[in-house]
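The values are calculated or read from the model by the stated rules, or taken from the named source; none is laboratory data. Bear in mind the structure is a predicted one, so any value in this text is a computation, not a measurement. Cβ: placed from backbone, ideal geometry, glycine included. Neighbour counts: every protein chain shown.
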Amino acid sequence: MASLTAKQLEETIRLVPDFPKKGILFLDLTTLFNNKAAFASVVDIFVEKYKNANISQVAAIEAR
């Protein structure tokens with residue numbers, strides 16, 4: 001699968017201005033997750049960037 005350019009990836013992320021309050025620009029990643037090529041490109045970028053980092057665990061914060 002061909003990787004998307006940075007611009008193409010940016011275009012898959014929906015921007016929601018003033019959410020949840022005025023002055024905040026919310027980046028809705030569900031549009032990225034729903035695009036198979038874009039999501040695969042992001043995974044490939046992370047794999048390439050961190051493949052030699054000897055990472056054994058990953059922690060994430062849920063923002064809802």
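Of all residues in segment 14-43, exactly one satisfies the criterion of being assigned to a strand (DSSP E or B) and aromatic (Phe, Trp, Tyr), namely Phe26. Among the residues of segment 1-16, those that are modelled with pLDDT of 90 or more and either more than 16 Å from Phe46 (Cα to Cα) or not hydrophobic (A, V, I, L, M, F, W, C) (or both) comprise Lys7, Gln8, Glu10, Glu11, Thr12, Ile13, Arg14, Leu15, Val16.
Here's the yes/no breakdown for (1) in contact with a helix residue (DSSP H, G or I) (Cβ under 6 Å, 6 or more places away or on another chain); (2) exposed (fewer than 10 other Cβ atoms within 10 Å of the Cβ); (3) not small (Gly, Ala, Ser):
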site	(1), (2), (3)
Leu4	yes, no, yes
Glu11	no, no, yes
Val16	no, no, yes
Phe19	no, no, yes
Leu25	no, yes, yes
Asp28	no, no, yes
Glu48	no, no, yes
Lys51	no, yes, yes
Ala60	no, yes, no
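Among the conditions (1) without any contact (Cβ under 8 Å) to a residue 24 or more places away in the chain; (2) over 11 Å from the mean Cα position of the chain (by Cα); (3) not in a helix (DSSP H, G or I), the only one that Glu48 does not satisfy is (3).
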